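For reference, the structure discussed in these notes is given below.
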Amino acid sequence: RHGSPEERLFLLLKESGYGGLTLAELSVRAGLFGKRISKILSGPISTGRIKVVESDSQRMLFAEIYDSLPERFQAILTRFHKENPIKPGLAREEIRAMLPHGIDPRLFQYLMNDLLRKGVIVQEEAVIRLASHQLALKTDTQELKNEMLAIFGNAGLTPPLIKDVLAGFAAHQPQVVRQILDLLLREKTVMKISEELYFHAEALAALQEKLVSRINRDGGIDAQGFKELTGLTRKFTIPLMEYFDRIKLTIRVGDKRLLR
């Protein structure tokens, strides 16, 4: 009742929690308008006691409420990295779901931008990780990774079905085996062609070079020509031709594939 206008604004923002208040809402609640409220707010905003988390509506949060969020954000990622050392990070919506209720997408984006700007986190496509996090493979996990990669490397263009690859590591924890496979995919040393077939990237690259050379020479290639080029059965040729279409190397025109 007897507080200064600035103290009244602080109280209103503190009570608004993570939702904050827009400038229009704050004006009505405080009974302060126009240049008067702008002048009162300019100091706290410039010193960081009030955070403007959305510029269009001038949505504001009390800094003492906002300041708990970066620490919580980092704690979520720290725990995840500790429990999943060979996973790259978490999707942004997974992180938002773990933060306190009431964090709307605009506030979350402000928080993300704040941590990205400070170099605390890194965003790689849809995945977010701590900037300090490095994939750490234990000796036995590294050996498992090398063994799995060797299976694909030795198989060339006739890899076993992925279910058979995974079955070969039945002595290991299924979660760890799947994480290793995901790591190979992220590193692009192994490529997923279909739900059943994964190929070593070097084998695919060599085939792609041969395919481009053949199409340039003949003007196109049909299914029989692709079979002759690779020496493979339909089990492999069909998924491979569809893969090259999918990555936009080739395009199907009638019975032939042409270079896109």
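The values are calculated or read from the model by the stated rules, or taken from the named source; none is laboratory data. Computed from a prediction, not measured in an experiment: that's the story for all the values here. So basically every Cβ, Gly included, is an ideal-geometry build from the backbone, and we count neighbours across all protein chains shown. For the accessible areas, the whole protein counts, side chains as well, though only heavy atoms, and no ligand, DNA or RNA atoms are used. Shrake-Rupley method; radii C 1.70, N 1.55, O 1.52, S 1.80 Å.
Couple of notes before you dig in:
- Here the relative contact order of the chain, from alpha carbon pairs under 8 Å that lie six or more residues apart, stands at 12 percent.
- Along its three principal directions, the equivalent ellipsoid of region 175-224 from the Cα gyration tensor extends over semi-axes of 30, 11, 6 Å, largest first.
- Mean separation of Cα contacts under 8 Å, 6 or more apart, over the residue count of region 78-221: relative contact order %: 20
- Helix axis angle, 5-16 relative to the chain longest principal axis, alpha carbon, degrees: 40
- Cα long-axis angle, helix 174-187 against the chain (0 to 90 degrees, to the nearest 10): 90
- A simple spin-label model places pseudo-atoms 7 Å from Cα toward Cβ; at S68 and R49 they are separated by 2.0 nm.
- Over region 1-147, Cα pairs under 8 Å with separation of 6+ residues give a relative contact order of 20 percent.
- Loop-resident sites, region 65-118, for trypsin sites (Lys or Arg not before Pro), counting at most 16 other Cβ within 10 Å (DSSP): K118
- 0 to 90° range, to nearest 10: angle between helix 105-117 axis and the chain longest Cα axis: 80
- Sites E7 and A75 - FRET efficiency at Förster radius 35 Å, r taken between beta-carbons, to 0.05: 0.65
- Cα point-scatterer Debye curve for the chain, base-10 log of I(q)/I(0) at q = 0.13, 0.15 Å⁻¹: -0.89, -1.03
- On the beta carbon distance between A171 and V253, with R0 = 35 Å, the FRET formula returns roughly 0.10.
- Accessible surface, 1.4 Å probe, highest first, among residues D182, D114, D255, D164: D255, D164, D182, D114
- Our coupling estimate for region 60-71, obtained by passing each phi through the Karplus curve with A = 6.51, B = -1.76, C = 1.60 and θ = phi - 60°, is 10, 10, 6, 4, 5, 7, 5, 4, 7, 6, x, 5 Hz, Gly and Pro reported as x.
- Label-zone membership for region 230-260, site V212, 7 angstrom Cα→C-beta point, backbone N under 15 Å: 244-245, 247-251, 258-260
- When you filter the GluC sites (Glu not before Pro) in region 160-199 for DSSP loop state and at most 12 other Cβ atoms inside 10 Å of their Cβ, you are left with E195.
- Area of M191 that stays accessible when all protein chains are in place (1.4 Å probe, Å², to 10): 50
- Modelled spin-label separation between R36 and T158, with each label point placed 7 Å from Cα along the Cα-to-Cβ direction: 8.7 nm.
- When the surface is traced with a 1.4 Å probe over the full set of protein chains, E228 keeps roughly 130 Å² accessible.
- The calculated 222 nm mean residue ellipticity attributable to helices in the chain amounts to -17500 deg cm²/dmol, summing -39500 (n - 2.57) over DSSP H runs of n ≥ 4 and dividing by all residues.
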